[in-house]
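Any read-out appearing in this document is the output of simple, stated calculations on the displayed coordinates, not a laboratory observation. Remember, predicted model here, so these are calculated numbers, not experimental data. Because the Cβ atoms are built from the backbone with ideal geometry, glycine has one as well, and the counts that use them run over all protein chains shown.
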Amino acid sequence: MRFTGKVVLVTGAARGIGAAVARAFAAEDARVAVCDVDEAGTRAVVGELEAHGAQALGLRADVTRSADVRAATENVEARWGQIDILVNNAGGFGRVRPASEEIPDEEWDAILRLNLTSAFLCSKAVLPGMKRRRWGRIINLSSIGGRGGTVLLSSHYAAAKAGILGFTRHLALEAARFGVTVNAVAPGTTATERFKALRTPAETEALIERVPAGRVAEPAEIAACVLFLASDAAAYMTGATLDVNGGVLMV
């Protein structure tokens, strides 16, 4: 068990990649804090983890709000004493808007707060403890959309996910001398609930035809990459991005 005794906070963990990450850490004996604005979804994931014998804590929090983030991290620390690993997974978008001029100003702000500001707020909250203990792992979820030039989604989402990559590299430079690594995972299209809801079967088939691997990713495959970056096997990696996209983008 790679994570026995470690405390992990996963944001956006009520479903999709976040839930898969929570399950994967719990399966390796970590204590897992499941954080999401969706309270019912959070309870369901916590119940599932506990049914399999894991130690889990549900947190209803809007990670775009600093007060919610502070309350969530304080709850984890009150329960388990510290946060060793942070997975900044919260994010997404409500609809594809390929024309930037059609994006309302308030939607632009909301998408950047959800996908980028949330990672800043959560990292800011856990970094002092990680630096003090001289050990920590922060893994940020970006996207193939943040890499640019391959997938047409929406410019606000692309800008936020590209921002995650810059934030990851800068934070890695800040934290390296304290024994804290900061890395990112940039998934391609993944078979989450959101993916299925946003596309018709015909659109899905057309998308898959452009993937050299011939399929989209499963959430558990993205979770496996997150766990690798949190593990001792990746102790000398920081400021890096793992591109997990079935060959759509090779850099």
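Kindly provide the helix-only [θ] at 222 nm of the chain, computed as the sum of -39,500 (n - 2.57) over DSSP H runs of four or more divided by all residues, to the nearest 500 deg cm²/dmol? Provide the component values of the computation, followed by the final result.
Values: 10 runs with 116 residues, N = 251.
Mean residue ellipticity at 222 nm (helix-derived): -14000 deg cm²/dmol.
Based on the Cβ-Cβ distance of Arg134 and Glu74, what FRET efficiency does E = 1/(1 + (r/R0)^6) give at R0 = 22 Å, to the nearest 0.05? Can you show the working numbers first?
Details: r = 22 Å, r/R0 = 0.98.
Efficiency, rounded to the nearest 0.05: 0.55.
Could you check the simple spin-label distance between Glu48 and His170, using points 7 Å along Cα→Cβ, in nm with one decimal?
3.5 nm
Could you work out how far helix 66-80 tilts from the main Cα principal axis of the chain, as a 0 to 90 degree angle to the nearest 10?
40 degrees
Compute the acute angle (0 to 90°) between the alpha-carbon long axis of helix 155-175 and the principal axis of greatest extent of the alpha-carbon atoms of the chain; round to the nearest 10°.
30 degrees
So, counting K/R as plus one and D/E as minus one, what does the shell of residues with Cβ under 14 Å around Arg31 add up to?
Numbers: positive: Arg2, Lys6, Arg23, Arg79; negative: Glu28, Asp29, Glu50, Glu77, Asp84.
The answer is -1.
Set the Förster distance to 41 Å, then compute FRET efficiency between Tyr236 and Ala40 from the Cβ-Cβ distance, nearest 0.05.
On the way: r = 41 Å, r/R0 = 0.99.
Efficiency computed from Cβ-Cβ geometry: 0.50.
On alpha carbon coordinates alone, what is the Rg over Rh value for the range 54-197, Rh being the Kirkwood radius?
Details: Rg = 16.0 Å, Rh = 16.1 Å.
In the range 54-197, Rg relative to Rh is 0.99.
Once label points are set 7 Å from the Cα along Cα→Cβ at both Ile208 and Arg95, what is their separation, rounded to one decimal in nm?
For the pair Ile208/Arg95, the computed spacing is 2.7 nm.
Using only Cα atoms and rounding to the nearest 10 degrees, what angle (0 to 90) does helix 118-133 make with the longest principal axis of the chain?
Taking Cα atoms only, the helix is inclined about 30 degrees.
Under 19 Å from the Cα of Lys6, which aspartates and glutamates turn up, not counting those fewer than eight places away in the same chain?
Counting by Cα, and skipping residues close in sequence, Lys6 has these aspartates and glutamates nearby: Glu28, Asp29, Glu50, Glu74, Glu77, Asp84, Asp232.
Over the range 1-152, what is the mean sequence separation of C-alpha contacts under 8 Å (at least six apart), divided by residue count, expressed as relative contact order in percent?
Details: 251 pairs, mean separation 33.8, N = 152.
Relative contact order for the range 1-152 comes out at 22 percent.
Treating only the Cβ atoms of Lys and Arg (+1) and Asp and Glu (-1) as charged, compute the dipole magnitude of the chain about its Cα centre; round to the nearest 20 debye. Walk me through the numbers before you get to the answer.
Working: 28 positive and 27 negative charges, 163 e Å.
Dipole size: approximately 780 debye.
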